[in-house]
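The values are calculated or read from the model by the stated rules, or taken from the named source; none is laboratory data. Computed from a prediction, not measured in an experiment: that's the story for all the values here. Heads up, the Cβs are rebuilt from the backbone with ideal geometry, glycines too, and the neighbour counts pull from every protein chain shown. We work out accessible area using only protein heavy atoms, side chains counted, and drop any ligands, DNA or RNA first. Shrake-Rupley method; radii C 1.70, N 1.55, O 1.52, S 1.80 Å.
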Amino acid sequence: MCSLQGKMASGGVSVATLWTEVNRYGQNGDYTRALKSVNKILQECKDDITALHCKVVCLIQNGSFKEALNVIHTHTKVLGSDVIAFEKAYCEYRLNRVENALKTIESATQQSDKLKELYGQVLYRLERYSECVAVYKDLIRNSQDEYEEERKTNLSAVVAALSSWEKSPPEDLGLPETTYELCYNSACTLIGQGDLTEAMNKLRAAEELCRQSLSEDSDMTEEDINSELAVIHSQMAYIMQSQGRTEDALQLYNQVIKLKPADVGLLAVTANNIITINKDQNVFDSKKKVKLTNAEGVEHKLATKQLQAIELNKALLAMYTNQADQCRKLSSSLQAQNPGHPRPVLIQVAQLCREKQHSKAIELLQRFSEQYPESASEIKLTMAQLYLIQGHVTKACDILRSIEEIKYKQGMISALVTMYTHEEDLDSAIDVFGQAIQYYQKQQPGSSGHLALVREAANFKLKYGRKKEAISDLEQLWKQNKNDIHTLAQLISAYSLVDQEKAKSLSKHLPSPDTMSFNVDVDELENSHGATYIRKKAAKVTGDTLPKEQGQGDMKKKKKKKKGKMPKNYDPKVAPDPERWLPMRERSYYRGRKKGKKKEQVGKGTQGATSGGLAELDASKSASSPPTSPRPGSGATSASSTNMVPPRQQKPAASGATRKKPQQKKKKGKNW
């Protein structure tokens, strides 16, 4: 260590003067100038511990963490682990070398308060939340300074993480909600518990507290306040999305994106949630948003489960955009990170199904279920679905019956019975009922679920004619309720096929007809307002009303037949044409079209020009124009004659053989 007396630096300034400058610059926060003075001291005293320590602190304050760590590593012999432990761990923490920071803290012999504070931060980043809670509890209990509120905020954040990521019931620590940070963390804890309504109320309170606290600062603009509120608004949008209010959530998410907050973690989570709302729609917007999830430093801002969710959604987006190779690459990477997680495998299976490779998809699911039986439930359900798509109902039923966790659920029993019945495999359906009844007999004997299952089994067997097999179920039901007459009647009916003596002995338990009769007036019941059939009373015969003649009342009114529609200009005096149903070409009097007459060149010429021969085109003005369909035997009557007979009502005159018009060759059109 250098002596402060009589020692002069290279610039002619004493070391004591340089230390005075370092002290003054440090108090003013000017660490750049302080660093220059420290470097001058180190030129004279290279191994001065205090000077080296000050240099490390100045570099940290200036954000030069790598350079500070290099100084520590270079002077390891001089700077012992106890002297520089906090600074070294802090540099490693800021450089995202969290594991190294943990080792540095744990190797320190003296645990100061600031080292414990850093220890809590490191544990939080490593997602060791339970240990982190214990550290902050100890700090709050054993320290009293101006940082107490900040420690409580950090503790509430750890409790929220426990509730959200580990689904651990939160411990009531009695933390106040006096600041918007504490109120926000409390809302996050409620979200983890599933209490979304109360969480929304907490977020609104946090928003109000944030506005009040920031509005007191005159330097804060409205844009700055909105940027600070972005994390609260994003969490509000998440609650709306979870409640199914996707339109409101999407609008709020987009507002947060437009603010462009500096927190890359917030942007990544917000963009990811927008992608989940879009799903396979609005793919171009999702492609833009996915870029925000790839920002630098995102992996250090989010929890592991958040990062996995983002990567899963990237793989799904690749599948929706038909990027098969990218989808496989992302899902394989996820599977390598967490081999026992079923989601990456399900994404690969979905991609194979889109490519119509169902057999490969089933093989992949089979391998995964064998390797990781603890995660096989969701996988086997997907296998069953694929078998059903291929029409292999029995194989699907076998897969479903192998899922121990849900095979005795009522919904699963109903599905299995329905599928076996569809395949006409009644024995297997009855076996499903039998195994389920045995399970409930051991686990929940006499419960409502047990008896309901027995009832359904009995009804199923009776419905399909298995009365003998239904006897044991019916007996069990009747023993539970001796007053159930309906079940007793079913039991007697079933025994009548097997043991008639038993059926007779059971019939003694049936109530007598007298006890079953009710004081009901049948006539009054039939004449009631809700009766569908009312018996008419016979009318009394009086002197005024004489009986009708026999057969007169039985005669039914005959409906008049409607006359068929006649054609226009129908003349009943003229017999209709017997060939009126034949096409015109097949009629005996058809002569074909006239040859040699070409149509006038109508519509030719320049636009707007009129033809001079328009009068000649009007057939009504020419008296000698022949009819379009010449009728043999008709006189040369004018078209305006009132005695004109329609063509279908005229008789054709005897004529010679019909002449068919020879087919003309089609003219080839000119090329343009």
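Return the residues of region 156-202 that are among the basic types (Lys, Arg) and under 13 Å from Ile239 (Cα atoms); say none if nothing qualifies. Spell out the reasoning first.
Going through region 156-202, the residues among the basic types (Lys, Arg) turn out to be 167, 202.
The one that is among the basic types (Lys, Arg) and under 13 Å from Ile239 (Cα atoms): Lys202.
Restricting attention to region 107-137, and to residues there that are among the basic types (Lys, Arg) and more than 25 Å from Cys58 (Cβ to Cβ), which single residue is surrounded by the fewest Cβ atoms within 10 Å (Cβ to Cβ)?
Narrowing region 107-137 to residues among the basic types (Lys, Arg): 114, 116, 125, 128, 137.
Retained after the next criterion (residues that are more than 25 Å from Cys58 (Cβ to Cβ)): 125, 128, 137.
On the way: Arg125: 18, Arg128: 14, Lys137: 16.
Per the stated criteria, the residue is Arg128.
Do we have Glu370 as out of contact with any strand residue (DSSP E or B) (no Cβ under 6 Å at 6 or more places or on another chain), assigned to a helix (DSSP H, G or I), open to solvent by 70 Å² or more (accessible area, probe 1.4 Å) and touching a residue at least 24 places away in the same chain (Cβ under 8 Å) here?
Numbers: out of contact with any strand residue (DSSP E or B) (no Cβ under 6 Å at 6 or more places or on another chain): yes; assigned to a helix (DSSP H, G or I): yes; open to solvent by 70 Å² or more (accessible area, probe 1.4 Å): yes; touching a residue at least 24 places away in the same chain (Cβ under 8 Å): no.
Answer is no for this residue.
Determine whether region 347-363 contains at least one residue that is more than 24 Å from the chain's Cα centre (by Cα), open to solvent by 20 Å² or more (accessible area, probe 1.4 Å) and either farther than 20 Å from Ala396 by Cα or of a type in the set (Asp, Glu) (or both).
Looking for residues that are more than 24 Å from the chain's Cα centre (by Cα), open to solvent by 20 Å² or more (accessible area, probe 1.4 Å) and either farther than 20 Å from Ala396 by Cα or of a type in the set (Asp, Glu) (or both), one finds at least one in region 347-363, hence yes.
Can you find a residue that is within 16 Å of the chain's Cα centre (by Cα), over 21 Å from Glu127 (Cβ atoms), touching a residue at least 24 places away in the same chain (Cβ under 8 Å) and not in a helix (DSSP H, G or I) anywhere in region 237-247? If you could, list the steps in order and put the result at the bottom.
Restricting attention to region 237-247, the residues satisfying the condition of being within 16 Å of the chain's Cα centre (by Cα) are 238-247.
Then drop every residue that is not over 21 Å from Glu127 (Cβ atoms), which leaves 239-247.
Applying the additional criterion that residues be touching a residue at least 24 places away in the same chain (Cβ under 8 Å) yields 239, 241-243, 246.
With the extra rule that they be not in a helix (DSSP H, G or I), the set shrinks to 243.
Scanning region 237-247, I find at least one residue that is within 16 Å of the chain's Cα centre (by Cα), over 21 Å from Glu127 (Cβ atoms), touching a residue at least 24 places away in the same chain (Cβ under 8 Å) and not in a helix (DSSP H, G or I), so the answer is yes.
Quick grid of which residues meet (1) open to solvent by 30 Å² or more (accessible area, probe 1.4 Å); (2) touching a Ser or Thr at 6+ places or on another chain (Cβ under 9 Å); (3) small (Gly, Ala, Ser):
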position: Glu166; (1), (2), (3): yes, yes, no
position: Asp172; (1), (2), (3): yes, no, no
position: Asn185; (1), (2), (3): no, yes, no
position: Glu198; (1), (2), (3): yes, no, no
position: Leu203; (1), (2), (3): no, no, no
position: Ala206; (1), (2), (3): no, yes, yes
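Among the residues of region 373-393, count how many are open to solvent by 60 Å² or more (accessible area, probe 1.4 Å) and in a helix (DSSP H, G or I).
Step one: list which residues in region 373-393 are open to solvent by 60 Å² or more (accessible area, probe 1.4 Å), which gives 373-374, 378, 381, 385, 388-390, 392.
Keeping just the survivors that are in a helix (DSSP H, G or I) gives 373-374, 378, 381, 385, 388-389.
Qualifying residue count, region 373-393: 7.
Only residues that are part of a loop (DSSP other than H, G, I, E, B) and of a type in the set (S, T, N, Q): list them for region 270-283, please.
Within region 270-283, the first condition is being part of a loop (DSSP other than H, G, I, E, B), and the residues that meet it are 279-282.
Matches in region 270-283: Gln281, Asn282.
Within region 284-295, is even one residue within 22 Å of Leu250 (Cα to Cα), part of a loop (DSSP other than H, G, I, E, B), in contact with a Gly (Cβ under 8 Å, 6 or more places away or on another chain) and among the aliphatic types (A, V, I, L, M)?
Within region 284-295, not a single residue is within 22 Å of Leu250 (Cα to Cα), part of a loop (DSSP other than H, G, I, E, B), in contact with a Gly (Cβ under 8 Å, 6 or more places away or on another chain) and among the aliphatic types (A, V, I, L, M).
Being over 43 Å from the mean Cα position of the chain (by Cα) and crowded, with 19+ Cβ neighbours inside 10 Å is the filter here, so list the residues in region 432-469 that pass it.
Lys467, Glu469, listed by residue number.
From Ala295, Ala303, Ala237, Ala262, grab the single residue that is surrounded by 21 or more Cβ atoms within 10 Å (Cβ to Cβ) and out of contact with any His (no Cβ under 8 Å at 6 or more places or on another chain).
Working: Ala295 fails: surrounded by 21 or more Cβ atoms within 10 Å (Cβ to Cβ); Ala303 fails: surrounded by 21 or more Cβ atoms within 10 Å (Cβ to Cβ); Ala262 fails: surrounded by 21 or more Cβ atoms within 10 Å (Cβ to Cβ).
Step by step, each of Ala295, Ala303, Ala237, Ala262 is checked, and only Ala237 is surrounded by 21 or more Cβ atoms within 10 Å (Cβ to Cβ) and out of contact with any His (no Cβ under 8 Å at 6 or more places or on another chain).
Restrict the check to region 74-93 and report whether at least one residue is in contact with a Phe, Trp or Tyr (Cβ under 7 Å, 6 or more places away or on another chain), under 28 Å from Glu299 (Cα atoms), of a type outside the set (Val, Ile, Thr) and crowded, with 16+ Cβ neighbours inside 10 Å. Can you show your working first?
Initial filter on region 74-93 (in contact with a Phe, Trp or Tyr (Cβ under 7 Å, 6 or more places away or on another chain)): 91.
Still in the running and under 28 Å from Glu299 (Cα atoms): 91.
Retained after the next criterion (residues that are of a type outside the set (Val, Ile, Thr)): 91.
Narrowing the set further to residues that are crowded, with 16+ Cβ neighbours inside 10 Å leaves 91.
Yes: region 74-93 contains one or more residues that are in contact with a Phe, Trp or Tyr (Cβ under 7 Å, 6 or more places away or on another chain), under 28 Å from Glu299 (Cα atoms), of a type outside the set (Val, Ile, Thr) and crowded, with 16+ Cβ neighbours inside 10 Å.
Looking at Thr104, Thr32, can you tell me which residue is part of a helix (DSSP H, G or I), surrounded by fewer than 14 Cβ atoms within 10 Å (Cβ to Cβ) and modelled with pLDDT of 90 or more?
Values: Thr104 fails: surrounded by fewer than 14 Cβ atoms within 10 Å (Cβ to Cβ).
Exactly one of Thr104, Thr32 is part of a helix (DSSP H, G or I), surrounded by fewer than 14 Cβ atoms within 10 Å (Cβ to Cβ) and modelled with pLDDT of 90 or more, namely Thr32.
Please indicate, with yes or no, whether at least one residue in region 201-208 is without any contact (Cβ under 8 Å) to a residue 60 or more places away in the chain and more than 20 Å from Ala160 (Cα to Cα).
Checked region 201-208: at least one residue is without any contact (Cβ under 8 Å) to a residue 60 or more places away in the chain and more than 20 Å from Ala160 (Cα to Cα).
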